[in-house]
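A short worksheet on the structure shown next.
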Amino acid sequence: MFEVLISHVQNKVQLTDVEKIDLQSFFTVKNLKRKQFLLQEGDVCTHLSFVLKGLLKSYFVDEKGGENINMFAFEGWWISDFKSFISQEKAVLNIDAVEETELLIISLDDYEKLMLKIPVMDRYFRILYQNSLVTKDYRLIASNSFTAEEKYLEFSKKSPEVIKRIPHNLIASFLGLAPETVSRIRKKLLLKNQL
């Protein structure tokens, strides 16, 4: 099971054989059933989570009770309410499983110890955070300037294998669109053979 994490790390930085073994000692396995919460708004985010298998969504609930999805995490992705994780303050996000999910989780204390024991992991996480900032900036630009169809096409292009696993209403929430709009776009694209 640790091969997925080690492979992900090795795509960014190189680990020695000893570091690969040491890395495993900082993580524990957690399994979630479909619709089970990893984190609820108001709780403190105690772990940073790496997805081995499955699919999660991260979201906040607006004043009307609607879910506003800010992220999906599938195999090879990290997920948390990072502000809550680092500050140990109450979370503003909910994270739950869209599918049955298997995770590797690390506590804040072990995260700090990991950086000291395996310094190259500091570089690994820095690369991830930089990539995350770039992605969030691009998503903000896209949400403000792309048409509904362009948003859907961009998302389906970036995650073609995952889009088939996500219900349309969740895709709509992520893209900031009405579910009917996503259905209409999908029907149009299927007629054009673009899906």
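The values are calculated or read from the model by the stated rules, or taken from the named source; none is laboratory data. Computed from a prediction, not measured in an experiment: that's the story for all the values here. Cβ sites come from the backbone with ideal geometry, for glycine too, and all protein chains shown count toward neighbours. When the accessible area is computed, the model is the full protein with side chains, heavy atoms only, and any ligands, DNA or RNA have been set aside. Shrake-Rupley method; radii C 1.70, N 1.55, O 1.52, S 1.80 Å.
Observations on the model:
- Put simply, the amide H of M71, placed in the peptide plane, has neighbours under 5 Å in S58, leaving out anything fewer than 5 places away on its chain.
- Share of carbon and sulfur in the accessible heavy-atom surface of segment 36-81 [1.4 Å probe, %]: 50
- Think of a 1.4 Å ball rolled over the protein heavy atoms: the chain then has 57 Å² of accessible area per residue.
- Separation of the Y138 and K83 label points, Cα + 7 Å toward Cβ, nm: 2.4
- Over all directions, the projected convex hull of the C-alpha atoms in segment 39-155 averages 8.4 nm² in area.
- Local net charge near Q24, Cβ-Cβ under 13 Å (Lys/Arg +1, Asp/Glu -1): -3
- Packing here is the average count of other Cβ atoms within 10 Å per residue, and on that basis the peptides 184-190, 72-78, highest first, run 72-78, 184-190.
- Cα-based reach from K187 at 15 Å (exclusive), listing aspartates and glutamates while leaving out same-chain residues under 8 positions away: E149, E150
- For L38, net neighbour charge (Lys/Arg +1, Asp/Glu -1) across residues whose Cβ lies under 13 Å away: -2
- Annotation: lysines with alpha-carbon distance below 23 angstrom to K33 (same-chain offsets under eight excluded): K53, K57, K164.
- Summing charges over neighbours of F60, with a neighbour being any other residue whose Cβ is under 10 Å away from its Cβ, gives -4 when K and R count +1 and D and E count -1.
- Spin-label model distance (nm) - N169 vs E112, 7 Å beyond Cα toward Cβ: 4.2
- Estimated translational D of segment 1-101 in µm²/s (Stokes, Kirkwood radius over Cα pairs; 10 °C; 1.306 mPa s): 109
- Given their separation in residues at 0.36 nm each and the Cα-Cα distance between them, K30 and E161 gain 44.8 nm when the chain is fully extended.
- Residues whose amide H falls under 5 Å from that of V44, counting only those 5 or more places apart or on a different chain, are A91, with hydrogens built in the peptide plane.
- For the chain: relative contact order, % (alpha-carbon pairs under 8 angstrom, 6 or more apart): 23
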